[in-house]
Amino acid sequence: MPVPRPAPPPGVLERLTYIQAPLRAVWATLHDPAAQDALFPELRLGPPAPSWPAAGATRSARLRIGLLGTNVRLESLEARPSARFQIILVGDGIRLERGWYLEEVAGGTRVAGTAGLTTTGRWTAGFIALGRGSTASIVETHLRILKEMAEGSRPTPEPGRPTAGRR
């Protein structure tokens, strides 16, 4: 039985995409360790805990949004295979909640990607804004890459971003 997708709370951005791939393939792509650099271009992920992506598992990462670069700690808040995945990233002056809701529809998968960003301090928000970073660009880029990878094509890198494997 599908898990109902709640409406995003105020201040949380949501974007939808349709992926022409089975739900299980989309879930597998989202959690493929070899795809993490391509799927999350704003993150440089550290090694996962053995239980990742299970709820409560953590890992470290380097987050870049706009001109802001900071170390963050990721925690998996919810991981319901082939249905929902939610994480939170917390760092100095920043909190980013991300969510993916998957639903089997019309021979493919509808994915709702969400993000809610909270910052403390003017410097943190200023560095994000100066570099034209936003939760919208993070979610839209991620969903585009997830779609390309799950449907079997290679993602196109963003201008100025290194491709997977290059740092």
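Readers should treat all values here as calculations from the given coordinates under stated rules, not as data from a laboratory. Computed from a predicted structure; not experimentally measured. Every residue, glycine among them, receives a Cβ derived from its backbone with ideal geometry; neighbour counts consider all protein chains shown.
Sequence-distant or interchain residues sharing an amide H contact under 5 Å with ALA49, placed H: which? Amide H to amide H, under 5 Å and 5 or more residues apart or across chains, ALA49 pairs with THR58.
The relative contact order of the range 13-150, computed from alpha carbon pairs under 8 Å that lie at least 6 residues apart in sequence, is 29 percent. Here the simple spin-label model places points 7 Å from the Cα toward Cβ, and for TYR18 and GLU104 these points are separated by 1.8 nm. Taking label positions 7 Å along the Cα-Cβ direction at both ARG44 and HIS31, the computed distance is 2.7 nm, reported to one decimal. For the range 74-115, the list of chymotrypsin sites (Phe, Trp or Tyr not before Pro) that fall in a loop by DSSP and count at most 13 other C-beta atoms within 10 angstrom is empty. For the range 87-98, 3J(HN,Hα) computed residue by residue from phi via the Karplus equation (6.51, -1.76, 1.60; θ = phi - 60°) reads 10, 10, 10, 10, x, 5, x, 9, 9, 10, 9, 10 Hz, glycine and proline entered as x. Put a plus charge on the Cβ of each Lys and Arg, a minus charge on the Cβ of each Asp and Glu, and nothing anywhere else: the dipole of the range 13-150 about its Cα centre is then about 240 debye. Along the range 56-70 the Karplus relation, 6.51 cos²θ - 1.76 cosθ + 1.60 evaluated at θ = phi - 60°, assigns HN-Hα couplings of x, 6, 10, 6, 9, 7, 10, 9, 10, 10, x, 8, 7, x, 8 Hz to successive residues, with x for each Gly and Pro.
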